[in-house]
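Colleague: I'd like to ask you about the structure that follows.
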Amino acid sequence: MQGQSEFLRAFAATVGHEGGYSNNPNDLGGKTIWGITEAVARANGYMGDISKMSIEIAQRIYYTQYWEKLLLNEVSRMSEPLAAELFDTGVNMGIATAVMMLQQVLNAFNNQGEYYPDLFEDGVIGKTTIAALHAYYAKRGPKGGAVLLKTLNSLQCARYIELTRKRQKNEAFVFGWIANRVSLASV
């Protein structure tokens, strides 16, 4: 696998946040193991007892379902911390949400279209989003990378609060989400 070491580092961090088997009645995802819901496991061909799914199977699902779909091999060539952030957000909030946040931030930072054209904020990553990201790093450099990560984490934090306001049972998770997944430290 291309980008194997970058993926393995991101996978280890995300699985560390997700933990092992859970069937919390407050969790809309239902039964999960290693952060993979039973529905996602089934959609990826795992038909066994979800509580017994191996971490190796989880790793394969994470790679095909999240890392590849988010084009994170390409992203990690620009910034491994950004690839890890998008991966973790995609796992925790969904791929479309992770990409939409990235597209929103890239649009906010393109100096009214001077650095690259505005993106259609559709939550789908493709050549246009990747090209805008390349242009962003070319224009903004390392400091821009740090600001991009801070901004994505800020949006993520705001989304967690919004989810808790809309569904009180999410209060069981919000402290941990923010403590473990939101980092505003410089990268």
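The values are calculated or read from the model by the stated rules, or taken from the named source; none is laboratory data. All values reported here derive from a predicted model rather than from experimental measurement. When we count neighbours, we look across all protein chains shown, and the Cβ atoms used for this are built from the backbone with ideal geometry, even at glycine.
Colleague: Could you tell me whether Arg159 is surrounded by fewer than 18 Cβ atoms within 10 Å (Cβ to Cβ), part of a helix (DSSP H, G or I), touching a helix residue (DSSP H, G or I) at 6+ places or on another chain (Cβ under 7 Å) and basic (Lys, Arg)?
Modeller: Details: surrounded by fewer than 18 Cβ atoms within 10 Å (Cβ to Cβ): yes; part of a helix (DSSP H, G or I): yes; touching a helix residue (DSSP H, G or I) at 6+ places or on another chain (Cβ under 7 Å): yes; basic (Lys, Arg): yes.
For Arg159, the condition - surrounded by fewer than 18 Cβ atoms within 10 Å (Cβ to Cβ), part of a helix (DSSP H, G or I), touching a helix residue (DSSP H, G or I) at 6+ places or on another chain (Cβ under 7 Å) and basic (Lys, Arg) - is met.
Colleague: Scan segment 67-86 and give yes if some residue there is surrounded by 16 or more Cβ atoms within 10 Å (Cβ to Cβ), at pLDDT 95 or above, more than 15 Å from the chain's Cα centre (by Cα) and not in a helix (DSSP H, G or I), otherwise no.
Modeller: So far as segment 67-86 goes, no, none of its residues is surrounded by 16 or more Cβ atoms within 10 Å (Cβ to Cβ), at pLDDT 95 or above, more than 15 Å from the chain's Cα centre (by Cα) and not in a helix (DSSP H, G or I).
Colleague: Would you check which residues across segment 3-33 are touching a Ser or Thr at 6+ places or on another chain (Cβ under 9 Å) and at pLDDT 85 or above and list them?
Modeller: Within segment 3-33, Glu6, Phe7, Ala10, Tyr21, Lys31, Thr32, Ile33 qualify.
Colleague: Additional query: Restricting the search to segment 7-53, which residues are among the small types (Gly, Ala, Ser), without any contact (Cβ under 8 Å) to a residue 60 or more places away in the chain, surrounded by 15 or more Cβ atoms within 10 Å (Cβ to Cβ) and at negative phi?
Modeller: Ser22, Ala41
Colleague: For the subset of segment 87-118 comprising residues that are part of a loop (DSSP other than H, G, I, E, B) and either surrounded by 15 or more Cβ atoms within 10 Å (Cβ to Cβ) or under 14 Å from the mean Cα position of the chain (by Cα) (or both), which member is modelled with the lowest pLDDT?
Modeller: Step one: filter segment 87-118 for residues part of a loop (DSSP other than H, G, I, E, B), giving 94, 109-118.
If we keep only those that are either surrounded by 15 or more Cβ atoms within 10 Å (Cβ to Cβ) or under 14 Å from the mean Cα position of the chain (by Cα) (or both) as well, we get 94, 109-110, 115-116.
Values: Gly94: 91, Phe109: 97, Asn110: 96, Tyr115: 94, Tyr116: 95.
In this case the residue turns out to be Gly94.
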